[in-house]
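What follows is a set of notes on a single structure, which appears directly below.
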Amino acid sequence: MMYHALMQAAERVRRKAYCPYSHFAVGAALLAEDGTIYTGCNVENGSYSLGCCAERVAFFKAVSDGRKKFQAIAICGAPEGEEPDKPCPPCGACRQVMAEFCGDDFEVVLSDRIHLLGALLPTRFKLE
């Protein structure tokens, strides 16, 4: 039930994506441990490397609000004007940001199924 609501939140925020270069809109909805949902959409920039993925936007919003423990994230993406019909897995940078705050059992909800972060990022970087 919660995963359905999480995916719906990701789909809603996806419509706000700013993607004039790739024309690929992504939405993410992050579930904090206390039940708060933080959303994010991709935001592109003419200087391509300055854009930010939807997943990282959601995490950064949550962290800026004082949250650092999370249960799951739902992600959806598709070309602008189209409905998402395929899984949209997170990029490597987003997986590493997830790994900063979440364990291997963190759930990544895509349109095909629930994936565990440990399977998506089996050898994470850890600064020690």
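Calculated mean residue ellipticity, 222 nm, the chain: -8500 deg cm²/dmol, from DSSP H runs (n ≥ 4) at -39500 (n - 2.57) each, averaged per residue and rounded to 500. Between the beta carbons of GLU82 and ILE114, assuming R0 = 25 Å, the FRET efficiency works out to 0.60 to the nearest 0.05. Accessible-area rank, largest first, for GLU128, GLU33: GLU128, GLU33, with all protein chains present and a 1.4 angstrom probe.
Whole-Hz Karplus values for the stretch 86-91 come out as 9, x, 10, x, x, 6 Hz, taken residue by residue from phi with 6.51 cos²θ - 1.76 cosθ + 1.60 and θ = phi - 60°; glycine and proline positions read x.
As a fraction of the 1.4 Å probe accessible area of the stretch 17-128, surface on carbon and sulfur atoms comes out at 53 percent. Only Cα pairs under 8 Å and 6+ residues apart enter the sum, and on that basis the relative contact order of the chain stands at 21 percent.
Around the amide H of SER111, modelled in the peptide plane, lie the amide H atoms of CYS88, all under 5 Å away and 5 or more residues distant in sequence or on another chain. Remark on ALA25: its backbone amide H falls under 5 Å from those of ALA78, GLU80, a criterion applied only to residues 5 or more positions apart or on other chains, H modelled at 1.01 Å from N. In sequence order, what are the phi-derived ³J(HN,Hα) couplings for the stretch 73-83 according to the Karplus relation 6.51 cos²θ - 1.76 cosθ + 1.60 with θ = phi - 60°, rounded to whole Hz, with x for glycine and proline? So the Karplus estimates, Gly and Pro as x, are 9, 10, 9, 9, x, 5, x, 3, x, 10, 7 Hz.
What length, rounded to one decimal in nm, is gained on full extension from TYR21 through to LYS61, with 0.36 nm per residue of separation minus their alpha-carbon distance?
So the extension gain works out to 12.0 nm.
The angle between the Cα long axis of helix 92-101 and the longest principal axis of the Cα atoms of the chain comes to about 40 degrees, rounded to the nearest 10. Within the shell defined by Cβ-Cβ distances under 15 Å, the residues around PRO79 carry a net charge of -3, with Lys and Arg each +1 and Asp and Glu each -1. The angle between the Cα long axis of helix 54-64 and the main principal axis of the chain comes to about 50°, on a 0 to 90 degree scale.
Counting only protein heavy atoms and a 1.4 Å probe, the chain has 57 square angstrom of accessible area per residue.
The values are calculated or read from the model by the stated rules, or taken from the named source; none is laboratory data. Given the structure is predicted, the values throughout are model-derived calculations rather than measurements. Heads up, the Cβs are rebuilt from the backbone with ideal geometry, glycines too, and the neighbour counts pull from every protein chain shown. Side chains are part of the model used for accessible areas, which takes the heavy atoms of the whole protein and leaves out ligands, DNA and RNA. Shrake-Rupley method; radii C 1.70, N 1.55, O 1.52, S 1.80 Å.
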